[in-house]
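Trainee: Supplied in structure tokens, the structure appears directly below.
Where a number appears in this text, it was derived from the coordinates with a stated rule and is not lab data. Note that the coordinates shown come from a computational prediction; the quantities given were computed from them, not determined experimentally. Every residue, glycine as well, gets a Cβ built from its backbone with ideal geometry; the counts of neighbours run over all protein chains shown.
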Amino acid sequence: MDQPEYTTNDPYLASFVVSEGGVLSGCRRLGPKKVEFRFVPSRQLHQILRVYWSGQPVHVTPYRLFAALRLLKSRTLVGSAIDDGDTPDGEGDRTQEVQAAPPPRPRSSPNAPANPSRGPNDTETPLSPLP
């Protein structure tokens, strides 16, 4: 018997789960501004969810988190016209399946500088924690 998929309507929770390695199985548009994100159930998914809901500070890679958010937004915008009412009964389905894909990897050239906005003599100053 298959386990039910984990679903959420929260795009920020879905972004965190994807950025931490959760497997997105698909998306379904429920309305003009509401999307249901579905995840493959696993032990890793449940650990990620426990971390998210614990309220404890977590080290997050900003690039991965925001890349996951951009990915989810782009996946939900594909074919944004959900229903034209052209089904035989005139009611329409009101759902749209969207295929999942892994977040994009950073593009880099082997000859590109680590940070093009910085000069060779610039040094990094570590950020101090907020009060």
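Trainee: Please note which strands (runs of 3 or more DSSP E) are completely contained in the range 1-82 and include at least 1 residues that are in contact with a Pro (Cβ under 6 Å, 6 or more places away or on another chain) and crowded, with 17+ Cβ neighbours inside 10 Å. First the steps, then the outcome.
Mentor: Values: elements: 6-8, 24-31, 34-39.
Qualifying strands (runs of 3 or more DSSP E): 6-8.
Trainee: Tell me yes or no: at least one residue of the range 14-31 is β-branched (Val, Ile, Thr) and touching a Gly at 6+ places or on another chain (Cβ under 9 Å). Show your work before the answer.
Mentor: First pass over the range 14-31, keeping only residues β-branched (Val, Ile, Thr): 17-18, 23.
Imposing the further condition that a residue be touching a Gly at 6+ places or on another chain (Cβ under 9 Å) reduces the set to none.
No: the range 14-31 contains no residue that is β-branched (Val, Ile, Thr) and touching a Gly at 6+ places or on another chain (Cβ under 9 Å).
Trainee: Could you count how many residues in the range 1-25 are in contact (Cβ under 8 Å) with a residue 60 or more places away in the chain and within 11 Å of the chain's Cα centre (by Cα)? Lay out the reasoning, then the answer.
Mentor: First, pick out the residues of the range 1-25 that are in contact (Cβ under 8 Å) with a residue 60 or more places away in the chain: 11, 18-19, 23-25.
The next check asks that each one be within 11 Å of the chain's Cα centre (by Cα); those that pass are 11, 18-19, 23-24.
Going through the range 1-25 one residue at a time, the tally reaches 5.
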